[in-house]
């Protein structure tokens, strides 16, 4: 009987050992899975951090590139304005010279018609110089419709029914530079 007891105990011990082995194997498997998951998570986190750093670097480079572009275009715009202004001034110097010659000639001139003709020539030369630069006179005929985008009403003048809301007189001419209004025409409108 003792042998049977020993066999039973041995079997029990073996069963317990095998159960323990199974438990240990299960725990080891779970631990290995958790370690594998943590490794995957860490590598995913690391990948995301790397992608974030790359995106930040790309953003900083684009931002720097845009700032450089903005500064460069602003500088070019200023230079273009200076060049355009200097070209206009050079063109107007010829008109200034004409005015100086006219003033010198007018001191000795007694014929008023010659003085008038000289000033008309200088005026036409000045206007032609400005026309070559794109300046155009705005058309503001009497009886034309008043347009608030082109005209500035100085006053209203009571008048005929047919001139109500229309231009009665032009006080100052308006001008275009290209297609843009650079000075609004100052007009009197009918009330």
For the stretch 44-191, the Debye formula with one identical point scatterer on each Cα and no solvent gives log10 I(q)/I(0) at q = 0.16, 0.18 Å⁻¹ as -1.01, -1.07
Could you work out the mean projected area of the convex hull around the alpha carbons of the stretch 51-133, in square nanometres to one decimal? 7.2
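Counting DSSP beta bridges with both partners in the stretch 136-191, what percentage is antiparallel, nearest 5?
For the stretch 136-191, the DSSP antiparallel bridge percentage is about 60.
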All-pairs Cα distance distribution in the stretch 136-191, expressed in whole percent, bin size 5 Å: 5, 25, 31, 21, 11, 5, 2, 0
Would you please put 87-100, 105-118 in order of how densely packed they are, using the mean number of other Cβ atoms within 10 angstrom per residue and starting with the highest? 87-100, 105-118
Whole-Å distance, taken between Cα centres, linking the stretch 102-127 and the stretch 164-181: 28
Beta bridges per DSSP with both ends in the stretch 62-191, % antiparallel, nearest 5: 60
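None of the figures in this text is laboratory data; all of them are computed from the coordinates on show. Owing to the predicted nature of the structure, the values given are computational and were not obtained by experimental measurement. We place every Cβ from the backbone using ideal geometry, glycine too, and count neighbours over all the protein chains shown.
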